[in-house]
Amino acid sequence: MQKTFVGVLLVLLLSGCASPHKNWANQPVEVKKNSPVVFIHPDMNTYQEATVGVLPFQMPDNMTQEQGEGVGMLFKDVLLGKQAFPKVVRLAEPYRDMEEALALGRKAKVDLVLAGKVNYALEGTQFGGGRVEVATRLLNVHTGNTVWYIEQSMDQPVAYPKSSTFSRFVAAFNPPEIKPSQAGPVIPNMLAQVAFDMAEVMAGARSVSR
């Protein structure tokens with residue numbers, strides 16, 4: 001089930017979060033994943049039977065509303081796959097503030113509503129440099145209180161090419177290096193990892209894999 005689930009995520013991300021310029025970092029540069037920072041959490045896990053509505057994510061200026069819908073679908077599927085809540089549904093209407101988010105949750109008759117935001121997302125280049133920061137707020141639609149508030153960021157260090165005189169000399173007497181296979185779009189991969197981590201936290205995990 002895990003492999004099928006990951007496959008679905010990649011399809012969603014590649015179609016919903018692809019850059020219009022197709023300028024993804026295409027080298028397998030190591031990604032530095034920062035741990036989720038939990039600012040608000042429930043004292044006890046009293047929401048095991050709660051239903052959750054996931055809104056489209058608010059996006060930075062360099063990304064589209066359609067991509068925000070794709071990120072919302074991603075988080076919905078991850079929450080379901082991690083069994084963080086028994087029922088998770090997608091809410092298609094965008095929102096401007098927390099009051100509108102709560103109203104949409106009440107309209108959908110769910111207990112909790114997930115209002116998320118991608119604060120920024122940088123694509124990087126073939127040498128790396130990508131970065132993503134995401135914030136999610138899970139609201140109780142009955143009380144208006146925030147149940148969870150989590151932020152997480154990921155960075156892709158820049159792998160500068162070798163440019164020494166010796167490396168250029170060696171390259172002059174050797175055939176061009178065969179490029180490794182592409183590592184996949186950077187921003188969707190980062191968003192998928194963030195979604196997995198945040199879902200694990202909401203499901204009760206005290207730590208996430210590095």
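The values are calculated or read from the model by the stated rules, or taken from the named source; none is laboratory data. Remember, predicted model here, so these are calculated numbers, not experimental data. So basically every Cβ, Gly included, is an ideal-geometry build from the backbone, and we count neighbours across all protein chains shown.
Arg90 falls short on exactly one of the conditions (1) modelled with pLDDT of 95 or more; (2) under 18 Å from the mean Cα position of the chain (by Cα); (3) closer than 23 Å to Thr46 by Cβ, and that condition is (3). If you take the residues in the range 44-87 that are of a type in the set (Lys, Arg) and within 18 Å of the chain's Cα centre (by Cα), which one is farthest from Ala135 (Cα to Cα)? Checking each candidate, the answer is Lys82.
Taking the criterion of being crowded, with 19+ Cβ neighbours inside 10 Å and either farther than 26 Å from Arg96 by Cβ or at pLDDT 95 or above (or both), the residues of the range 148-171 that qualify are Trp148, Ile150, Gln152, Met154, Asp155, Gln156.
Within the range 172-206, restricting attention to residues that are β-branched (Val, Ile, Thr) and at pLDDT below 85, the residue that is surrounded by the most Cβ atoms within 10 Å (Cβ to Cβ) is Val186.
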